[in-house]
Amino acid sequence: MKIHDTKTPVVVINCKLAALGIMRSLGGQDIPVYGVDPDRWSPGMASRFCRGRIITSLDDENRKELLRRLLETGKRIGRPSILISTSDETSVFVADNAKALKKYFLFPENSPSLVKSLMSKKEMYHLAKKHNVPTAYTEFPESYKDAEAFSEKASFPVMIKGILGNRLQAKTGKKMVIVSTSEELLKNYRLLEDPELPNLMLQEYIPGEDDQIYIFNGYFNKRSECLAAFTGHKIRQFPIHTGCASLGICKWNETVADMTVRFMKAVRYKGILDIGYRFDARDGLYKVLDINPRIGQAFRLFLSDDGMDVARAMYLDLTGQEVSPSSPREGRKWLIEDYDLISSYHYFKEGRLGFSEWIKSFKRVEEGAWFSATDPLPFLMMSSKLIKRTISWSRKRVNFQAHREASPRPANG
């Protein structure tokens, strides 16, 4: 597809992988795209389509400075610009500061309370229940005693997750853990929870392979009407069984699409949405796992036959151009090259992936998160880091093996 009116610039906050996709999708249409990030060599900032870089911290304590820099940037650009956030935290920031940001920027307006409710797995759980959207059984302990009570009645395995996943990951390096026993649950609860600010939830584990995790990507206009809708499912995850899609396929699922459109219309959500479900074969229901009130890093998995994606749909809508109905590109695959290489190794180790199956899985891969013949620098940067990581890992393995062989063995008898 070709966007005809490309005069309106775009400013992207948080320039990781999703931003790289935005740079290429919109920047490749000759739309001026600017990046905001603390790292000038983050993936989106390294793209040749990034017209300008605003280097500033995105941490909570830097919110006033971030707002100042954005307003300064908007004034300098000299015309209304579309503002896109790619993380939960920056989505909340935009909602909280909408009144000030509207002076220079265009963006879908949601109440801060709605954005926070969708990104919090606890609030999202209750919101889904209210609107009859199926969910996995979940409890939200506020103390070790609550966790003990849950462990006595739980059916294992159980998922331990962060109510705010990014907060748990920043604290522990993990977004979730699967536990198989009461002892394992309580041990991990002690390790992962912050008693002064409880952030853990305990959720039933829905059995099934990783390809039973379905994704909806869509764009909703100011009346919460869905102008672009895509669905698909994960093939592999990174980390395996608990992470993001390292390889996914665009495949239409009417049930997932209808349920999501109805849900978002009911809560009056506006803008780009990324939402995940898991199919539960025990009762035949798709159960919501998490909601990202923003663009997701896998949004380029979802493309229509005429080249529409959710970033382009939003651009057209906010600039007063028509978003024409289109059909998803059925069977299209997309991958994150480094993540999928690592996750494939772990699937091999588990005995869940054979070599011939691995080779066949790349059929119909049309795009990678990193590689682009017209924008090679981000891929080269990723490859260099992956090679260094592999060499470091290999050295540790060799040193560990040498240490084991040199260690004195206990005498027999």
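Determine, yes or no, whether VAL92 is more than 30 Å from SER384 (Cβ to Cβ), surrounded by fewer than 21 Cβ atoms within 10 Å (Cβ to Cβ) and not charged (D, E, K, R).
It is true that VAL92 is more than 30 Å from SER384 (Cβ to Cβ), surrounded by fewer than 21 Cβ atoms within 10 Å (Cβ to Cβ) and not charged (D, E, K, R).
Among the listed residues TYR125, TYR104, TYR137, which satisfies the condition of being more than 29 Å from ILE160 (Cβ to Cβ), aromatic (Phe, Trp, Tyr) and either out of contact with any His (no Cβ under 9 Å at 6 or more places or on another chain) or in contact (Cβ under 8 Å) with a residue 60 or more places away in the chain (or both)?
Criteria check complete, one pass: TYR104.
Read through the list (1) over 30 Å from LYS385 (Cα atoms); (2) touching a helix residue (DSSP H, G or I) at 6+ places or on another chain (Cβ under 8 Å); (3) surrounded by fewer than 20 Cβ atoms within 10 Å (Cβ to Cβ), then give the number of the only condition that ARG69 fails.
For ARG69, the failing item is (2).
For LEU316, indicate whether it is within 25 Å of SER372 (Cβ to Cβ), in contact with a strand residue (DSSP E or B) (Cβ under 9 Å, 6 or more places away or on another chain) and not small (Gly, Ala, Ser).
It is true that LEU316 is within 25 Å of SER372 (Cβ to Cβ), in contact with a strand residue (DSSP E or B) (Cβ under 9 Å, 6 or more places away or on another chain) and not small (Gly, Ala, Ser).
May I ask you to verify whether MET1 is under 30 Å from GLU337 (Cβ atoms) and more than 23 Å from the chain's Cα centre (by Cα)?
When the stated conditions are applied, MET1 passes them.
Taking the range 81-120 only, how many residues are of a type in the set (Val, Ile, Thr) and more than 17 Å from VAL33 (Cα to Cα)?
Number satisfying all stated conditions: 4.
Can you tell me which residue within the range 103-128, out of those that are of a type in the set (Gly, Ala, Ser) and closer than 20 Å to ASN199 by Cβ, is surrounded by the most Cβ atoms within 10 Å (Cβ to Cβ)?
So the residue we want is SER120.
Given the structure, is SER42 buried (at least 21 other Cβ atoms within 10 Å of the Cβ), in contact with a helix residue (DSSP H, G or I) (Cβ under 9 Å, 6 or more places away or on another chain) and within 22 Å of LEU318 (Cβ to Cβ)?
So SER42 does not fit the description; no.
Take the residues in the range 194-244 that are in contact with a helix residue (DSSP H, G or I) (Cβ under 8 Å, 6 or more places away or on another chain) and free of Cβ contacts under 8 Å to residues at least 24 places away in the same chain; name whichever of them is farthest from LYS360 (Cα to Cα).
Result: ASP194.
Residues that are among the aliphatic types (A, V, I, L, M), surrounded by 18 or more Cβ atoms within 10 Å (Cβ to Cβ) and within 17 Å of the chain's Cα centre (by Cα): list the strands (runs of 3 or more DSSP E) wholly contained in the range 253-336 that include at least 3 such residues.
Hits in the range 253-336: 271-280, 285-292.
Return the residues of the range 122-136 that are assigned to a helix (DSSP H, G or I) and either aliphatic (A, V, I, L, M) or in contact with a Gly (Cβ under 7 Å, 6 or more places away or on another chain) (or both); say none if nothing qualifies.
Once the filter is applied, which keeps residues that are assigned to a helix (DSSP H, G or I) and either aliphatic (A, V, I, L, M) or in contact with a Gly (Cβ under 7 Å, 6 or more places away or on another chain) (or both), the range 122-136 yields MET124, LEU127, ALA128.
Read the figures in this text as sums done on the coordinates, not as results from a lab. Just so we're clear, the structure is a prediction, and the values are computed from it rather than from any experiment. No Cβ is skipped: glycine too gets one built from the backbone with ideal geometry, and neighbour counts run over all protein chains shown.
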